[in-house]
Amino acid sequence: MSCLESYREGHSFLHHRDARVKLLVSLALVACLSTVGVQHPSRLAICAALLGVLLLLGRLSPGLVVRRSLIVLPFLLLPALSMPFLQTTAVSPWVMVAVIAVKSWLAAVALVALMTTTRFEDLVDGAARLGVPRLLTTLGSFMYRYLFVLLDEVRHMNDARLLRSGVRGALVPGARIAGSLVASLFVRTYDRAERIHNCMVVRGFAGTMAPIAPQRCSAADWALLALALVAMLGAVLV
Amino acid sequence: MRESVVEQTAPHIGLHQLRFQYGDGTLALQGISLTVNAGESVALVGPNGSGKSTLLMHLVGLLQGQGEIVVAGLPVVKTHLPEIRRRVGLVFQHPDDQLFLLRLYDDVAFGPRNQGLAPDDVHARVTEALARVRLDGYVDRVAHHLSTGEKKRAALATVLAMQPEILLLDEPSSNLDPRSRRDLQRILAELPVTKIIATHDMEFALALCNRAVILDAGQVVADGPCRALFADADLMERHGLEVPASLCAPACC
């Protein structure tokens, strides 16, 4: 389950920055990358340079970043397959595919940098402080919290199935058993949700989460935000 | 921990003819009458399905059956539930249910924040509760990184932070290794509050409680000093329990 925990403990400049700043910079960078056209490679270069600076500030290992960012590869398959059928006059379809691939990969790298240097709980807090409705951030944190518990249950159920069924069976019985496991998991999840609600109610929960305490950004946070925004403004205007 | 506001002689918990039937027809409680005085530690023992957890849930208004329940001087009715839940802490059996937030600090602060306390007071409560369960320095830990023993203690801290007068514990020692069980026992022994401990762990009950109530099939079948009840082999056998090793004559072990 460690694959679900993308945060890596560290003491870099980026690790210590406020989650709100990192969230804003990452999302702005993804938005900026999505607006870069094929005709403006210099804009792409500026975004890539900013990303390089962020990776350096986070002291992130290139191997780790590349490995994690390759998650975008399957999503590039569809545009790559459809390109030969598109009629474009300005540039070759394959150049377009290459630009889309680079843009997507850089966006993935930006998110990898964010997730590797920020704890999920800080990210959720940061989103709440940026004005994302508490209901959404609370649901997000519950989902993340119980993902581990549910995966544990799935593993136990699957172990019990394997121990009693020996090796993997034929496709149809396998699907039937998988269906039963999913249904059983659903019922258990429902039961758990009721129990969690009881735990919340007896600790005074009356339907709304208590407001989150305000927090001030440091000078270094503001400096990072300013640097990133200036770079992205440059990328848009150049 | 706040001192109990109820005089030592006044009943802290009173149940009269409590009956409860689940939706599937199971009669879980069949006319339970019980009194617990302030400061008492009572072990609620009985076989699986005897109604222990159901009874605890009635005391905080999570389930509502027929009969009368008075907790901390207040009848358990809808209008009193916020006040009752402020004064009564229930620690559930599964700590993963109790620890529902990502950061331990937020989980322990959840109750005090719902009580409307100022951030400084919330912080003081969290610090004190974590210190009581020997988890100082765990504020930033996430629940899925804790061991079962730590989760149990953390679950207890989430309730202690609300400074309850009455503590209800549902199977607190289940799934614990001997050291974690001993740690939890020591922590609970230090708490100067009224306690009802639902458990199958007779040694644990014996170490923490003077009085035991044996439930079977939703009825109180025995109520008295722990040692006297737990040493009665026939009684224990009849109700699906067993004499704890520490009370066993050498011949029966």
Segment A:185-200, residues that are more than 7 Å from chain B (Cβ to nearest Cβ) and either among the β-branched types (Val, Ile, Thr) or in contact with a Leu (Cβ under 6 Å, 6 or more places away or on another chain) (or both): A:VAL187, A:THR189
Flag if B:GLY51 is away from chain A (no Cβ under 14 Å) and either of a type outside the set (A, V, I, L, M) or closer than 13 Å to B:ALA155 by Cα (or both): yes
Residues located in segment A:201-223, provided they are within 28 Å of the chain's Cα centre (by Cα), facing chain B (nearest Cβ under 7 Å) and surrounded by 14 or more Cβ atoms within 10 Å (Cβ to Cβ): A:ALA210
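Listed residues A:LEU227, A:LEU151, A:LEU135, A:LEU163; which is out of contact with any strand residue (DSSP E or B) (no Cβ under 7 Å at 6 or more places or on another chain), within 12 Å of chain B (Cβ to nearest Cβ) and surrounded by fewer than 16 Cβ atoms within 10 Å (Cβ to Cβ)?
On the way: A:LEU227 fails: within 12 Å of chain B (Cβ to nearest Cβ); A:LEU135 fails: within 12 Å of chain B (Cβ to nearest Cβ); A:LEU163 fails: within 12 Å of chain B (Cβ to nearest Cβ).
From the options A:LEU227, A:LEU151, A:LEU135, A:LEU163, the qualifying one is A:LEU151.
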Total residues in segment B:94-136, condition in a helix (DSSP H, G or I) and either more than 9 Å from chain A (Cβ to nearest Cβ) or among the basic types (Lys, Arg) (or both): 18
Sole exception among (1) in contact with a Cys (Cβ under 9 Å, 6 or more places away or on another chain); (2) surrounded by fewer than 21 Cβ atoms within 10 Å (Cβ to Cβ) for A:LEU44, by number: (1)
Single unsatisfied condition, A:GLY140 versus (1) surrounded by fewer than 21 Cβ atoms within 10 Å (Cβ to Cβ); (2) closer than 22 Å to A:ARG17 by Cα; (3) in contact (Cβ under 8 Å) with a residue 60 or more places away in the chain; (4) at the interface with chain B (Cβ under 10 Å from one of its Cβ atoms): (3)
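Restricting attention to segment B:159-180, which residues are touching a residue at least 24 places away in the same chain (Cβ under 8 Å) and in a helix (DSSP H, G or I)?
B:VAL159, B:LEU160, B:ARG179, B:SER180
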Members of segment A:48-74 that are closer than 19 Å to A:SER34 by Cα and without any contact (Cβ under 8 Å) to a residue 40 or more places away in the chain: A:GLY52, A:LEU70, A:ILE71, A:VAL72, A:LEU73, A:PRO74
Residues (buried (at least 21 other Cβ atoms within 10 Å of the Cβ) and farther than 8 Å from A:SER69 by Cβ) located in segment A:104-115: A:LEU106, A:ALA107, A:ALA110, A:ALA113, A:LEU114
Residue among B:GLN98, B:GLN66 that is buried (at least 19 other Cβ atoms within 10 Å of the Cβ) and more than 18 Å from B:HIS12 (Cα to Cα): B:GLN98
All helices (runs of 4 or more DSSP H) inside segment B:193-253 with 3 or more residues being within 30 Å of B:THR26 (Cα to Cα) and over 22 Å from the mean Cα position of the chain (by Cα): B:233-238
Qualifying positions in segment B:166-180 - within 14 Å of chain A (Cβ to nearest Cβ) and crowded, with 23+ Cβ neighbours inside 10 Å: B:ILE166, B:LEU168, B:LEU169
Segment B:12-31 residues that are outside any loop (DSSP other than H, G, I, E, B), paired with ones that are acidic (Asp, Glu) and surrounded by fewer than 22 Cβ atoms within 10 Å (Cβ to Cβ) (beta carbon under 7 Å, 6 or more apart): B:HIS16/B:GLU68
Selection status of B:ALA233, out of contact with any strand residue (DSSP E or B) (no Cβ under 9 Å at 6 or more places or on another chain), crowded, with 18+ Cβ neighbours inside 10 Å and of a type in the set (A, V, I, L, M, F, W, C): no
Whichever residue in segment B:65-92 is part of a loop (DSSP other than H, G, I, E, B), more than 14 Å from the chain's Cα centre (by Cα) and in contact (Cβ under 8 Å) with a residue 24 or more places away in the chain and, among such residues, is nearest to the other protein chains (Cβ to nearest Cβ): B:ALA72
All positions within segment A:165-187 that are modelled with pLDDT under 80 and in a helix (DSSP H, G or I): A:SER165, A:LEU171, A:VAL172, A:PRO173, A:GLY174
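The values are calculated or read from the model by the stated rules, or taken from the named source; none is laboratory data. All of these numbers come straight from a predicted model, not from anything done at the bench. All Cβ positions, glycine included, derive from the backbone under ideal geometry; neighbour counts span all protein chains shown.
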